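This report refers to the structure that appears directly beneath it.
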Amino acid sequence: PMTAIGGDPYTFTWTGPLKEGEFKIPTTTGNWGTDYFMPLTDQQGIYSKLAKFVPGGNPDHKWRIATAGTYRITINQLKETISIEKL
């Protein structure tokens, strides 16, 4: 789960290990048909600062992690922005 940042109801963060591969951010768990936050294009690298709310998860775009490691992800749902930082 992501953690809200300092009273801002739209900004959340998560820090932890990511393997090389791809990911997207679901708004709920336990349902593959849920809504997601995704990159604007499929296989987008971690340096883009834009995210998109995708109802129902279609089209199915994912961010690409090229190097395994510890990352900090911060997303603002209202502004549809994201920061993916390798620590």
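The values are calculated or read from the model by the stated rules, or taken from the named source; none is laboratory data. Given the structure is predicted, the values throughout are model-derived calculations rather than measurements. Ideal geometry is used to build each Cβ from the backbone, glycine not excepted, and the neighbour counts take in all protein chains shown. These area figures cover heavy atoms from the full protein model, side chains too; ligands, DNA and RNA do not enter into them. Shrake-Rupley method; radii C 1.70, N 1.55, O 1.52, S 1.80 Å.
Among the residues of segment 62-87, write down those that are open to solvent by less than 70 Å² (accessible area, probe 1.4 Å) and under 17 Å from residue 19 (Cβ atoms).
62, 63, 65, 68, 69, 70, 71, 73, 84
Residues that are over 26 Å from residue 68 (Cβ atoms) and hydroxyl-bearing (Ser, Thr, Tyr): does segment 21-33 have at least one?
Taking every residue of segment 21-33 in turn, at least one turns out to be over 26 Å from residue 68 (Cβ atoms) and hydroxyl-bearing (Ser, Thr, Tyr).
Go through segment 57-87 and give me each residue that's charged (D, E, K, R), within 12 Å of residue 39 (Cα to Cα) and either in contact with a helix residue (DSSP H, G or I) (Cβ under 6 Å, 6 or more places away or on another chain) or modelled with pLDDT of 95 or more (or both). Can you show your working first?
Taking segment 57-87 as the starting set, the residues that turn out to be charged (D, E, K, R) are 60, 62, 64, 72, 79-80, 85-86.
Subsequent filtering for residues that are within 12 Å of residue 39 (Cα to Cα) retains 60, 62, 64, 80.
62, 64, 80 - these are the residues of segment 57-87 that are charged (D, E, K, R), within 12 Å of residue 39 (Cα to Cα) and either in contact with a helix residue (DSSP H, G or I) (Cβ under 6 Å, 6 or more places away or on another chain) or modelled with pLDDT of 95 or more (or both).
Among the residues of segment 8-61 satisfying the criterion of being among the small types (Gly, Ala, Ser) and either within 12 Å of residue 82 (Cα to Cα) or part of a loop (DSSP other than H, G, I, E, B) (or both), which is most open to solvent (accessible area, probe 1.4 Å)? Walk me through how you get there before you give the answer.
Just the residues of segment 8-61 that are among the small types (Gly, Ala, Ser), to begin with: 16, 21, 30, 33, 45, 48, 51, 56-57.
Remaining after also requiring either within 12 Å of residue 82 (Cα to Cα) or part of a loop (DSSP other than H, G, I, E, B) (or both): 30, 33, 45, 48, 51.
Working: 30: 90, 33: 49, 45: 35, 48: 36, 51: 5 Å².
Among those residues, the one meeting the criterion is 30.
With the requirement that a residue be hydroxyl-bearing (Ser, Thr, Tyr) and closer than 22 Å to residue 11 by Cβ, what does segment 34-62 give you?
Of all residues in segment 34-62, those hydroxyl-bearing (Ser, Thr, Tyr) come to 34, 36, 41, 47-48.
34, 36, 47, 48 - these are the residues of segment 34-62 that are hydroxyl-bearing (Ser, Thr, Tyr) and closer than 22 Å to residue 11 by Cβ.
Consider segment 42-87. How many of its residues are more than 11 Å from the chain's Cα centre (by Cα) and at positive phi?
Looking only at that region, the number is 4.
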